[in-house]
Amino acid sequence: MSKLALSFAIGDYDRNRPLIEGRVPVDGVDPVCMTLSPEEIFFRVFRNQEFDVSELSLSSYVVKTANGDCPYVGIPAFLSRAFRHTSIYVRRDRIQKPEDLKGCRIGVPEYQLTAIVWARALLHDDYGVAPEDVTWVRGGIDTPGRPEKISLNLPAGVKLETAPETDTISDMLDRGDIDAFIAPRPPSGAAASNPDVGWLFPDPTATAKDYYHRTGIFPIMHLVGVRKTLVEQHPWLPGAVFKAFEASKAAAVEHLADTSATKVTLPFIEEQLKAARELMGEDYWSYGVEANRTTLETFLRHHHSQGLSSRLVSVDELFHPSTFETFKI
């Protein structure tokens with residue numbers, strides 16, 4: 001039987017590389033892998049559904065799932081995860097602590113980005129800063145005129161403005177036209193070297209570790225989706241895709257742990273790997289539903305309360321049933 005030739009759009013991460021390079025196969029599939037930036041993948045997949053298997057923004061996927069019009073079925077392979085304490089930049093000449101953000105203007109590249117949902121969640125839960133307490137200004141980080149990928153129907157209390165067509169939120173932060181900036185990427189241009197611009201949290205790593213100690217949450221940014229029409233024709237496909245991504249991640253972690261010669265161009269990798277396992281357990285970057293249920297439930301609760309999902313979506317709605325359990329030998 002010939003294999004299915006399917007397009008894969010995923011990021012060039014170490015955990016994907018064994019699959020991209022063909023060292024890890026996808027049962028029954030001949031993958032055509034495209035390594036693209038998240039911005040390009042998400043724009044193309046949610047506007048035109050261009051890929052058969054794709055990395056997906058968790059937030060955009062939940063918006064579409066809540067509305068009942070998502071063309072993809074979720075796979076619990078979480079290709080991107082990050083503590084978003086490092087994503088919050090402020091004018092340090094105005095903002096000294098998180099509570100100071102009340103009444104301020106905060107720039108974001110898109111209101112519904114997953115990173116922004118998580119940042120708003122931690123500001124709300126830990127510091128009492130609600131989405132309604134600030135004015136949100138949407139604009140591009142590096143280039144002006146960035147649109148939302150998908151249409152939103154936000155609550156009346158949320159104040160969302162659009163940056164001037166010729167402006168970026170990086171430049172607005174540099175000039176002081178906004179008080180803070182939250183994005184998956186740092187501010188660019190003059191803002192990057194402005195001494196009055198910096199992280200909200202002086203030691204975001206220590207703050208994130210404390211957050212994990214208290215909550216057990218390692219925020220999820222991206223999952224994998226498989227085109228629904230393909231799953232209807234080939235019900236074995238979600239399980240095969242999940243198996244491949246699991247195997248690819250396992251190979252990457254094994255490679256990283258071989259410290260006979262460091263695999264990434266950064267010192268102290270052995271120490272950081274040890275610290276991550278001591279804090280978060282051996283499988284510190286877990287895939288699968290049950291190991292991540294608390295994290296997913298927290299995200300879904302905040303996503304709905306922030307007015308992004310039209311209803312409260314359950315964890316079990318997000319993923320294909322065949323991916324909830326795997327065989328054991």
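Quick rundown of the values:
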| read-out | value |
| --- | --- |
| Positions within segment 271-329 being β-branched (V, I, T) and within 16 Å of F242 (Cα to Cα), in sequence order | V289, T323, T326 |
| Selection within segment 1-42 - part of a loop (DSSP other than H, G, I, E, B) and either among the polar types (S, T, N, Q) or surrounded by 14 or more Cβ atoms within 10 Å (Cβ to Cβ) (or both) | S2, G11, Y13, D14, R15, N16, V24, P25, G28, L36, S37 |
| Residue within segment 254-270 that is within 23 Å of S57 (Cβ to Cβ), in contact (Cβ under 8 Å) with a residue 40 or more places away in the chain and out of contact with any Phe, Trp or Tyr (no Cβ under 9 Å at 6 or more places or on another chain) present | no |
| Enumeration of residues in segment 128-157 that are hydrophobic (A, V, I, L, M, F, W, C), within 22 Å of the chain's Cα centre (by Cα) and in a loop (DSSP other than H, G, I, E, B) | V129, A130, I141, I150, L152, L154 |
| Failed condition for S310, given (1) part of a helix (DSSP H, G or I); (2) in contact (Cβ under 8 Å) with a residue 60 or more places away in the chain | (1) |
| Residue list for segment 105-127, filter: in a loop (DSSP other than H, G, I, E, B) and within 21 Å of L300 (Cβ to Cβ) | E110, Y111, Q112, L113 |
| Residue match in segment 199-210 (condition: outside any helix (DSSP H, G or I), free of Cβ contacts under 8 Å to residues at least 40 places away in the same chain and over 30 Å from Y287 (Cβ atoms)) | yes |
| Residue in segment 232-282 that is farthest from S322 (Cα to Cα), counting only those that are under 25 Å from the mean Cα position of the chain (by Cα) and of a type in the set (F, W, Y) | F245 |
| Close pairs (7 angstrom Cβ cut-off, 6 or more residues apart or separate chains): without any contact (Cβ under 8 Å) to a residue 40 or more places away in the chain in segment 73-96, of a type outside the set (G, A, S) anywhere | none |
| Qualifying positions in segment 313-329 - in contact with a helix residue (DSSP H, G or I) (Cβ under 8 Å, 6 or more places away or on another chain), surrounded by fewer than 20 Cβ atoms within 10 Å (Cβ to Cβ) and part of a loop (DSSP other than H, G, I, E, B) | S314, F324, T326 |
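This table checks each residue for (1) in contact with an Asp or Glu (Cβ under 7 Å, 6 or more places away or on another chain); (2) touching a residue at least 24 places away in the same chain (Cβ under 8 Å).
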site	(1), (2)
P31	no, yes
T35	yes, yes
I41	yes, yes
N48	no, no
P71	no, yes
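Residues are listed down the side, and each one gets a yes or a no for (1) in contact with a Pro (Cβ under 8 Å, 6 or more places away or on another chain); (2) surrounded by 22 or more Cβ atoms within 10 Å (Cβ to Cβ); (3) modelled with pLDDT under 95:
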position: V53; (1), (2), (3): yes, yes, no
position: N67; (1), (2), (3): no, no, yes
position: A77; (1), (2), (3): no, yes, no
position: T86; (1), (2), (3): yes, no, no
position: A121; (1), (2), (3): no, no, no
position: G145; (1), (2), (3): no, no, yes
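The values are calculated or read from the model by the stated rules, or taken from the named source; none is laboratory data. Computed from a predicted model, the values in this text were never measured in an experiment. So basically every Cβ, Gly included, is an ideal-geometry build from the backbone, and we count neighbours across all protein chains shown.
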